[in-house]
Amino acid sequence: MQSIHSPSDPRLILMLPLPASGALPLRLAWLGAAAGGVCLMLSEALPLNGVFLKPSTAFTAFMEIQVFFVLLLWPLLLEPLVREGLRPAGVLLEIGLLLVFAGPLTLVCADLSDPPLAAVVAAIAFVAALAAFVAGLVFLGQGRGWRVGPWYFGGAFLASTGVPLLAFWGAPVSSFRTLSPFWVMAEGPPLFAILLFGVAGAVALALAQRRPAG
């Protein structure tokens, strides 16, 4: 894949999304996770489908699949592209493009569950904010020579499962549930959670954008 380090490269000037060759694995992985999740929900392949996966919960379950992808797979696929010269502005456009790709499946699941329009918009906005936040961490980590590894996945695990686990044990941690993306999506993302991850992601990407390319 051609690098986009050169300041004269028009893709840097226009801040266009990833080059097609580099974006293809990322986009296919996103669509594969989304479509595969829907197929599992609509089939009887999982023994718990009849208990937890119902038409009324299809939308939330599908958005949880997207949270899983963004939190655990997105940084691994994004990291090599960042090393090859991808800039933060291009990531924002790519996030929007990926959400558009997943749009038809999102609408199918929304039609099954029939949530309020505000809930659909909030869920999509939360996925976008979380993706920007994770991308910001990847960029800042690359700037310090940190590969996506134990530091990231350890933090993601503690945030995603630590708070719900403490709540299950009776600890008074419900005020910290915003730190768990899966918990947030399960309850319906509030505006505070969207702004928290969105603003944090925007700040991280802005700081990375100020670094020289290369």
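Structure data summary
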| item | result |
| --- | --- |
| Protection proxy ranking, peptides 130-136, 144-150, average beta carbon neighbours within 10 Å, highest first | 130-136, 144-150 |
| Translational D in µm²/s for region 99-175 (Stokes-Einstein at 20 °C, 1.002 mPa s, Kirkwood Rh from C-alpha pairs) | 140 µm²/s |
| Whole-number D in µm²/s for region 49-116 (Stokes-Einstein; Kirkwood sum over Cα pairs; 25 °C, 0.890 mPa s) | 180 µm²/s |
| Cubic angstrom per residue, convex hull over Cα atoms of region 21-209 | 126 Å³ |
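Quick note: the coordinates plus some simple rules give every number you see, no bench work behind them. Just so we're clear, the structure is a prediction, and the values are computed from it rather than from any experiment. Backbone-built Cβ (ideal geometry, glycine too); neighbour counts: all protein chains shown.
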